[in-house]
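Readers should treat all values here as calculations from the given coordinates under stated rules, not as data from a laboratory. All values derive from a computational prediction rather than experimental measurement. Ideal geometry is used to build each Cβ from the backbone, glycine not excepted, and the neighbour counts take in all protein chains shown.
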Amino acid sequence: MEEKFKQKFYSQQNKEKKKYLCATAQVLYKSQKHTASYTTTVCGREFIVLPNVFSPKYFYDTEIFTRWLLKNKKYVDVGKSFCEIGSGTGAVSVSVALTGVNVTAVDINEQAVRNTRLNVQKYNVADRVHVFVGNIFDPFMAQQKFDTIFWNTPFGFIERADLSPLEKSVFDSGYKATEQFLRQAPQHLKPQGTILIGYSNTLGDVDLLQNIARSAKLHLQRVKQTKSVEVHPVTFDLYEVVTA
Ligand SMILES: C[S@@+](CC[C@H](N)C(=O)[O-])C[C@H]1O[C@@H](n2cnc3c(N)ncnc32)[C@H](O)[C@@H]1O
C-alpha cells in the first residue's frame, strides 16, 4: 500500500513537500498496525481509537488544536454552538462538549462517525453532541448556523483522486474538500461567529490555501503556531477565516 502511494505521488510535488508528505503517509500506515480498538490520551483524557480512523496517538495536531480551542473563550464557551467538520475519533468534539457547549460533528468516514459516537457514550455527552456522516456541510439544512466552525483539515495536498477513507484524513485531492469548506462555512456561521482551520504550513500548501481563500473573498489570519516533530520538524497553525 505504501509503495503504491509513493509511486503515484512522487511525480507531483517539489522535493521538500514530497519528503514531508511521504513521512505523513508512513505515519498514517504505521498507525494502522492495530487490528482492534485501543485508547490514547488527548488533553489528559482517554479516548477510544478504532482502526481506519485518524489517530491522535500518532498525529500530535489533535492534542495541540484541542488545547488551543479549550483555552479560548472566543471559540469555546457555555452558550455557544460548536461545529466540528471531520471529527475522527471525536476527541475534539467530546472535549469541547465537556465544557458544556453544544456540539455538532460530521465526518465523511463512517468508521470515524462510529468512533466519535463511542467516545460520546464513554463521556456521557450524548445530549450535547450530535454526530452525522457526510461530506462537510452536506448533512445540514441551509439555515443551520454555529458560533464556531472548526476543521482540522487534511492539509496534505495531493493530485490523485482515488483516496481511501483513511487517506482522506490527511490528504485532500486538489484541495477540493478544503475549497468547499471555505466556500460554504460562511453560510453556516452566526453573526460574530468564528471559522477556524487547523493546518500545517510545513505539511500543507499554504499558498494554495491562501489563493482559494482569496478567490472566495476570504482572508486567513494565523492566530497560533507551534513547532512539533512528526518524523521531521513541522509547524501546526491555527487560522481564523475572515471576510475580506
Ligand atoms: C486531520 S483529521 C482530524 C480528525 C480529528 N478532528 C482530530 O483532530 O483528531 C481530518 C478528518 O476530516 C475527515 N474528512 C476528510 N474529508 C472530509 C469531508 N469531505 N467531509 C467531512 N469530513 C472529512 C477525515 O475523515 C478525518 O477524520
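Quick check on the stretch 64-77. Is at least one of its residues closer than 20 Å to N135 by Cα and in contact with a helix residue (DSSP H, G or I) (Cβ under 7 Å, 6 or more places away or on another chain)? It would help to see each step written out before you state the result.
Filtering the stretch 64-77 for residues closer than 20 Å to N135 by Cα gives none.
The answer is no, given that none of the residues of the stretch 64-77 is closer than 20 Å to N135 by Cα and in contact with a helix residue (DSSP H, G or I) (Cβ under 7 Å, 6 or more places away or on another chain).
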Next on the checklist: Given the criteria within 15 Å of the ligand (Cβ to nearest atom) and touching a Leu at 6+ places or on another chain (Cβ under 8 Å), does S169 qualify?
Outcome noted: yes
Checklist entry - Does the stretch 116-155 hold any residues that are touching a residue at least 40 places away in the same chain (Cβ under 8 Å) and near the ligand (Cβ under 9 Å from one of its atoms), and which are they? => result N135, I136, F137, F150, W151, N152, T153, P154, F155
Item to check | Tabulated pairs, the stretch 171-193, first among the polar types (S, T, N, Q), second part of a helix (DSSP H, G or I) and buried (at least 18 other Cβ atoms within 10 Å of the Cβ), C-beta under 8 angstrom, 6+ apart or interchain | outcome: T178/L209; T178/I212
Checklist outcome for this item: Filtering the stretch 189-212 for residues that are touching a Phe, Trp or Tyr at 6+ places or on another chain (Cβ under 7 Å), of a type outside the set (S, T, Y) and closer than 16 Å to Y20 by Cα leaves a count of 3
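Going through the stretch 202-225 one residue at a time, which ones are in a loop (DSSP other than H, G, I, E, B) and either in contact with a Gly (Cβ under 7 Å, 6 or more places away or on another chain) or free of Cβ contacts under 8 Å to residues at least 60 places away in the same chain (or both)?
First pass over the stretch 202-225, keeping only residues in a loop (DSSP other than H, G, I, E, B): 202-205, 216-217.
Those that are in a loop (DSSP other than H, G, I, E, B) and either in contact with a Gly (Cβ under 7 Å, 6 or more places away or on another chain) or free of Cβ contacts under 8 Å to residues at least 60 places away in the same chain (or both): L203, G204, A216, K217.
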Checklist entry - Which condition number does A105 fail, the rest of (1) assigned to a loop (DSSP other than H, G, I, E, B); (2) free of Cβ contacts under 8 Å to residues at least 60 places away in the same chain; (3) surrounded by 19 or more Cβ atoms within 10 Å (Cβ to Cβ) being met? => result (1)
Next on the checklist: Which count do you get for residues in the stretch 178-193 that are closer than 29 Å to P233 by Cα and buried (at least 21 other Cβ atoms within 10 Å of the Cβ)?
Outcome noted: 3
Checklist entry - If you take the residues of the stretch 25-71 that are out of contact with any Ser or Thr (no Cβ under 9 Å at 6 or more places or on another chain) and of a type in the set (S, T, N, Q), which of them is farthest from the ligand (Cβ to nearest atom)? => result T35
Checklist entry - Which residues, counting only those in the stretch 108-153, are farther than 22 Å from F171 by Cα and part of a strand (DSSP E or B)? => result V129, H130, V131, F146, D147, T148
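Checking the conditions here, which among E159, E179 is among the charged types (D, E, K, R) and out of contact with any Gly (no Cβ under 9 Å at 6 or more places or on another chain)?
On the way: E159 fails: out of contact with any Gly (no Cβ under 9 Å at 6 or more places or on another chain).
On inspection, the qualifying residue turns out to be E179.
Search the stretch 166-201 for residues being part of a loop (DSSP other than H, G, I, E, B) and out of contact with any strand residue (DSSP E or B) (no Cβ under 6 Å at 6 or more places or on another chain), and hand back the single one that is nearest to E84 (Cα to Cα). Working first, answer last.
Going residue by residue through the stretch 166-201, those that are part of a loop (DSSP other than H, G, I, E, B) are 166, 170, 174-175, 200-201.
When the remaining residues are screened for being out of contact with any strand residue (DSSP E or B) (no Cβ under 6 Å at 6 or more places or on another chain), the result is 166, 174.
Values: L166: 18, G174: 22 Å.
It comes out as L166.
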